[in-house]
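For reference, the structure is listed below as structure tokens.
The values are calculated or read from the model by the stated rules, or taken from the named source; none is laboratory data. The model shown is predicted, which means the values in this text are computed figures rather than measured ones. Cβ sites come from the backbone with ideal geometry, for glycine too, and all protein chains shown count toward neighbours. Accessible surface is based on the protein model in full, side chains and every heavy atom, while ligands, DNA and RNA are left aside. Shrake-Rupley method; radii C 1.70, N 1.55, O 1.52, S 1.80 Å.
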Amino acid sequence: MDIDRLIALAPASAAILALTIVVSGLGLMVSPRIIERNLLRPYYLLRDRRYDTLITKGFVHADFFHLLFNMMTLYFFGPHLERTIGTVKFVVLYFIGLLVASLGTFFRRRRDPNYASLGASGAINTVLFAFIVYYPLTRIYVFFSIPIPATLYAVLFLAYSWYSSRQANDNVNHDAHFDGAIAGLLFVLLTEPSAYSEALAQLTGRGFD
């Protein structure tokens with residue numbers, strides 16, 4: 001999808017993509033202080049009243065691979081979902097996902113003065129899992145090369161994120177991934193529960209009268 005078409009058909013997706021790329025790019029290439037200022041530090045959130053970082057942490061990334069992976073996922077799934085549910089609902093969905101993932105991180109890590117989190121992964125997974133409800137027959141390409149049915153991907157991803165969060169042997173915020181994914185599923189359940197029956201119909205090959 002070219003830029004003009006993306007802006008016309010999915011303005012929120014285009015705006016979030018552009019803003020995240022610009023802010024993250026400036027932080028990575030021009031001024032690291034941008035990243036430092038917008039890190040979510042749960043221990044200091046209430047002490048320093050840095051409430052804005054619950055949201056702004058989603059617009060800075062650790063490196064260009066982190067940024068590229070998140071933005072490519074948003075590019076492939078965000079516009080289709082936005083056209084399906086509408087721009088207003090898409091914006092609400094995205095920022096709810098970002099906030100839920102950040103709040104989950106805060107409650108789990110609020111006693112750790114050394115912990116910091118950044119990136120849009122929580123919100124990206126909110127978008128992806130909402131998309132999966134609407135388009136359960138889609139194939140998702142893991143590492144952009146291995147096709148997996150969307151529903152199987154969802155189950156495996158949730159299991160992997162839950163397991164990895166309890167191992168705590170890397171620097172990835174698996175809890176935020178898990179929380180964001182659940183937020184996407186719940187958002188659809190609360191705003192358009194019929195999407196689940198339609199997904200079931202697609203998966204079983206049956207239609208409902």
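Before moving on, here are some points about what is shown:
- Taken over the range 24-33, the residue count meeting the criterion of being surrounded by fewer than 19 Cβ atoms within 10 Å (Cβ to Cβ) and touching a helix residue (DSSP H, G or I) at 6+ places or on another chain (Cβ under 6 Å) is 1.
- Whichever residue in the range 1-23 is open to solvent by 20 Å² or more (accessible area, probe 1.4 Å) and touching a residue at least 24 places away in the same chain (Cβ under 8 Å) and, among such residues, is farthest from Val127 (Cα to Cα): Val23
- Candidates are the residues of the range 57-91 that are open to solvent by 40 Å² or more (accessible area, probe 1.4 Å) and without any contact (Cβ under 8 Å) to a residue 24 or more places away in the chain; the one that is nearest to Ile21 (Cα to Cα) is Leu68.
- Test: residue in the range 48-56 that is open to solvent by less than 30 Å² (accessible area, probe 1.4 Å), over 30 Å from Tyr135 (Cβ atoms) and among the β-branched types (Val, Ile, Thr): yes
- Residues in the range 32-42 that are touching a residue at least 60 places away in the same chain (Cβ under 8 Å) and farther than 12 Å from Leu103 by Cα: Ile35, Asn38, Leu39.
- Taken over the range 2-60, residues that are outside any helix (DSSP H, G or I) and on the phi < 0 side of the Ramachandran plot amount to 14.
- With respect to the stated conditions, Thr84 is over 17 Å from Ile55 (Cα atoms) and either part of a helix (DSSP H, G or I) or polar (S, T, N, Q) (or both).
- Candidates in the range 143-161 are the residues that are within 25 Å of Thr191 (Cβ to Cβ) and of a type outside the set (A, V, I, L, M); of these, the one that is least open to solvent (accessible area, probe 1.4 Å) is Ser161.
- Residue that is modelled with the lowest pLDDT, among those in the range 166-176 that are assigned to a helix (DSSP H, G or I) and surrounded by fewer than 22 Cβ atoms within 10 Å (Cβ to Cβ): Gln167
- Residue within the range 120-142 that is in a loop (DSSP other than H, G, I, E, B), open to solvent by less than 40 Å² (accessible area, probe 1.4 Å) and touching a Gly at 6+ places or on another chain (Cβ under 8 Å) present: yes
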